[in-house]
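Novice: Here it is, the structure in full.
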Amino acid sequence: MSTEPPSITRDEVAHLARLARLTVSENELDVFAGQLGDILNAVAKVSEVAGADIPPTSHALPLTNVFREDVVRPGLTQEQALSGAPKSEDGRFAVPRILGEEA
Amino acid sequence: MSIIRQTAADLAAKIHSGELSSVEVTQAHLDRIAEVDSSVHAFLHVNAEGALKAAKAVDDDIAAGKAPASPLAGVPLALKDVFTTKDMPTTCGSKMLEGWRPPYDATLTRKLREAGIVILGKTNMDEFAMGSSTENSAYGPTRNPWDLDRIPGGSGGGSSAALAAFEAPLSIGTDTGGSIRQPGAVTGTVGVKPTYGGVSRYGLVAFSSSLDQGGPCARTVLDAALLHEIIGGHDPLDSTSIDAPVPAVVEAARLGAQGDLTGVRVGVVREFSGDGYAGGVERAFQAAVSQLKALGAEVIEVSCPNFVYALPAYYLIAPSECSSNLARFDAMRYGLRVADDGAHSAEEVMSLTREAGFGAEVKRRIMLGTYALSAGYYDAYYGSAQKVRTLITQDFTKAFEQVDVLVSPTTPTTAFKIGERADDPMAMYLADLCTIPSNLAGNAGMSVPCGLSDEDGLPVGLQIMAPAMADDRMYRVAAAYEAAAGGVIERAPQL
């Protein structure tokens, strides 16, 4: 890892926002660039002790393949599943057009 | 003593013996909410009708000679608005879920109902549980009953303020980096983060799945223990739920209350003092340590050298998991949708909705997580943070070879003023400095009131940490300390 203090540019914030599907205003780009830079400076400290010989921990519990019995049990009805939908039609979620977008 | 100032254990005993009815007790709390919540703003939703109906059902059962459904049957409770409830909205303090009525109950909600606990309503919180002050709620901040110009902690500030304002004798919080313990500390109440996996997360709207843990909040250690045993236990619907009996925390709290800690080894975490810690907090903490010694505990200093890296690691791991978890808010299946006017594509609607529905802190964390997980940065940031998680777990393991529990101040300072840290994310994050290690390692931690700061007269919290699935140990120590030192809530200003 480079020893330079991490910083983050306006363009990088715009790129992150695009990846995260957030429409960010011009003003927010400046504010977030400053704040994210500050936070990254503070958290980069983790690399000081993260030696190559230390195994990573992704979870406190060492669990793999937790199964339950494969039995049929009641689920949500179609009406319940659609009850929070912004828009529904004929028992299905209605969404804005997805074709014809620019690549 | 008026109904609202009594403990949950006392109220339950009186309801079960017929001295009080659950309806009376519930109505007294609803009246209190009507009286003070316009100034405290602990609640986002009050369900008076549903609460009275649930209370009536408990009273009817008792009148019919049936045994109470649980030791807390008939006692009212305030539920953090991050657990799904079929009969009430679930907003997570966000515009994204304004008015959303989930089609199912969380396992924790179901357990409360089955235990005959009366759910008064849903409490305010930092949006999606991200924050330490409840200022990040889209519905306005909650105020600390000790000083209405100060924060009640966060993210579960509504749940802690409801207790401190005597609007409820019990509440539920969630703790991802300290969101139960820090609000408990700054409001003079008890807050418990059980061992990770000890309380089901099914129906708990996810922020950071490997860290999130629901837990009990109360004004006394015994009340928290009684609630803990009701909400805890294995749940097949949560694959990270521990398949083992709930630690015997009620028994431990009763044992502790006898006031003898002979043979209990207590470790003071050396790294959690000094720069950044308020003098009033350090002195209250030292007095608590002296009290533990007087109770017979053997106290030694313990070093956990990697704990200073916990906060940086947390602010990589939690945002990374959050950026993934919050991708579900895509404006398609539930929640907010804006700009669906035929002129915008699905992807534009998604982006515009997320812009309109999320507050600044949530956006910051989503972008931070997106950055930490992106190609080229992953190893340096997320990968390193996962290694720190290993080191912190090792520090705990070594410490618990020497001692039974670890203690520290719960937070470096008392409640700060509303607005004071709102524009400085890093300053806000420091509120969780001492609580985060237990989330990363998954062990148990709690905060119990330890007097008032001699600087500002505000409550200070004593944090007690125990190994995973040894939650009972910390309850024993907390109950002994509480019995000897007394609570502080009686000294809270009258609202």
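Novice: Residues being open to solvent by less than 100 Å² (accessible area, probe 1.4 Å), at pLDDT 95 or above and more than 9 Å from chain B (Cβ to nearest Cβ): count how many of those fall in the stretch A:69-93.
Specialist: Result for the stretch A:69-93: 2.
Novice: Among (1) more than 21 Å from the chain's Cα centre (by Cα); (2) open to solvent by less than 70 Å² (accessible area, probe 1.4 Å), which single condition is A:THR57 missing?
Specialist: Condition not satisfied by A:THR57: (1).
Novice: With the requirement that a residue be in contact with a strand residue (DSSP E or B) (Cβ under 7 Å, 6 or more places away or on another chain), among the charged types (D, E, K, R) and either under 10 Å from B:CYS304 (Cβ atoms) or not in a strand (DSSP E or B) (or both), what does the stretch B:385-421 give you?
Specialist: B:ASP404
Novice: Separate question: Quick one: in the stretch B:373-403, of everything that is among the hydrophobic types (A, V, I, L, M, F, W, C), more than 8 Å from chain A (Cβ to nearest Cβ) and under 30 Å from A:PHE32 (Cβ atoms), which residue is surrounded by the most Cβ atoms within 10 Å (Cβ to Cβ)?
Specialist: Among those residues, the one meeting the criterion is B:ILE392.
Novice: Under the condition of being in contact with an Asp or Glu (Cβ under 9 Å, 6 or more places away or on another chain) and part of a helix (DSSP H, G or I), which residue from the stretch B:37-46 is most open to solvent (accessible area, probe 1.4 Å)?
Specialist: This residue is B:ASP37.
Novice: What number of residues within the stretch A:54-68 are among the aliphatic types (A, V, I, L, M) and modelled with pLDDT of 95 or more?
Specialist: So the count comes out to 1.
Novice: For the stretch B:320-335, what are the residues that are in contact (Cβ under 8 Å) with a residue 12 or more places away in the chain and more than 8 Å from chain A (Cβ to nearest Cβ)?
Specialist: B:SER320, B:GLU321, B:CYS322, B:SER324, B:ASN325, B:LEU326, B:PHE329
Novice: Please find, within the stretch B:320-345, the residue that is farthest from B:TYR381 (Cα to Cα) out of those that are open to solvent by 50 Å² or more (accessible area, probe 1.4 Å) and not in a loop (DSSP other than H, G, I, E, B).
Specialist: Going through the qualifying residues, I end up with B:ARG328.
Novice: A further question on this structure: Among B:MET469, B:MET474, B:MET426, which is the only one that is surrounded by fewer than 23 Cβ atoms within 10 Å (Cβ to Cβ) and part of a helix (DSSP H, G or I)?
Specialist: Just one listed residue meets the conditions, B:MET426.
A quick yes/no check of all residues on (1) hydrophobic (A, V, I, L, M, F, W, C); (2) at pLDDT 95 or above; (3) closer than 27 Å to B:ALA129 by Cβ; (4) assigned to a helix (DSSP H, G or I):
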residue: B:GLU19; (1), (2), (3), (4): no, yes, no, no
residue: B:ASP31; (1), (2), (3), (4): no, yes, no, yes
residue: B:GLU49; (1), (2), (3), (4): no, yes, no, yes
residue: B:ILE62; (1), (2), (3), (4): yes, yes, no, yes
residue: B:ALA67; (1), (2), (3), (4): yes, yes, no, no
residue: B:LEU79; (1), (2), (3), (4): yes, yes, yes, no
residue: B:PRO89; (1), (2), (3), (4): no, yes, yes, no
residue: B:MET96; (1), (2), (3), (4): yes, yes, yes, yes
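Novice: I want to confirm something. Restricting to the stretch B:101-121 and keeping residues that are assigned to a loop (DSSP other than H, G, I, E, B) and either surrounded by 18 or more Cβ atoms within 10 Å (Cβ to Cβ) or of a type in the set (D, E, K, R) (or both), which single residue is nearest to the chain's Cα centre (by Cα)?
Specialist: Result: B:ALA106.
Novice: With respect to the numbered conditions (1) under 19 Å from B:THR109 (Cβ atoms); (2) under 24 Å from the mean Cα position of the chain (by Cα); (3) open to solvent by 30 Å² or more (accessible area, probe 1.4 Å), which one is the sole condition not fulfilled by B:GLU49?
Specialist: All conditions are met except number (2).
Novice: Do you know which residues across the stretch B:450-466 are farther than 20 Å from B:GLY214 by Cα and either open to solvent by 10 Å² or more (accessible area, probe 1.4 Å) or not hydroxyl-bearing (Ser, Thr, Tyr) (or both)?
Specialist: Answer for the stretch B:450-466, where residues must be farther than 20 Å from B:GLY214 by Cα and either open to solvent by 10 Å² or more (accessible area, probe 1.4 Å) or not hydroxyl-bearing (Ser, Thr, Tyr) (or both): B:CYS450, B:GLY451, B:LEU452, B:ASP454, B:GLU455, B:ASP456, B:GLY457, B:LEU458, B:PRO459, B:VAL460.
Novice: Let me ask another. Check off (1) buried (at least 24 other Cβ atoms within 10 Å of the Cβ); (2) closer than 27 Å to B:VAL488 by Cα for B:GLY197 and give me the number that stays unchecked.
Specialist: Going through the list (1) buried (at least 24 other Cβ atoms within 10 Å of the Cβ); (2) closer than 27 Å to B:VAL488 by Cα, B:GLY197 breaks only (2).
Novice: Residue check: is B:ARG365 at pLDDT 95 or above, touching a Pro at 6+ places or on another chain (Cβ under 6 Å) and either farther than 21 Å from A:VAL31 by Cβ or not small (Gly, Ala, Ser) (or both)?
Specialist: Values: at pLDDT 95 or above: yes; touching a Pro at 6+ places or on another chain (Cβ under 6 Å): yes; either farther than 21 Å from A:VAL31 by Cβ or not small (Gly, Ala, Ser) (or both): yes.
The answer is yes for B:ARG365.
The values are calculated or read from the model by the stated rules, or taken from the named source; none is laboratory data. None of the values given here were measured: they were computed from a predicted structure. Glycine gets a Cβ as well: all are built from the backbone with ideal geometry, and neighbour counts include every protein chain shown. In case anyone asks, the SASA skips ligands and DNA or RNA and just uses the protein heavy atoms, side chains included. Shrake-Rupley method; radii C 1.70, N 1.55, O 1.52, S 1.80 Å.
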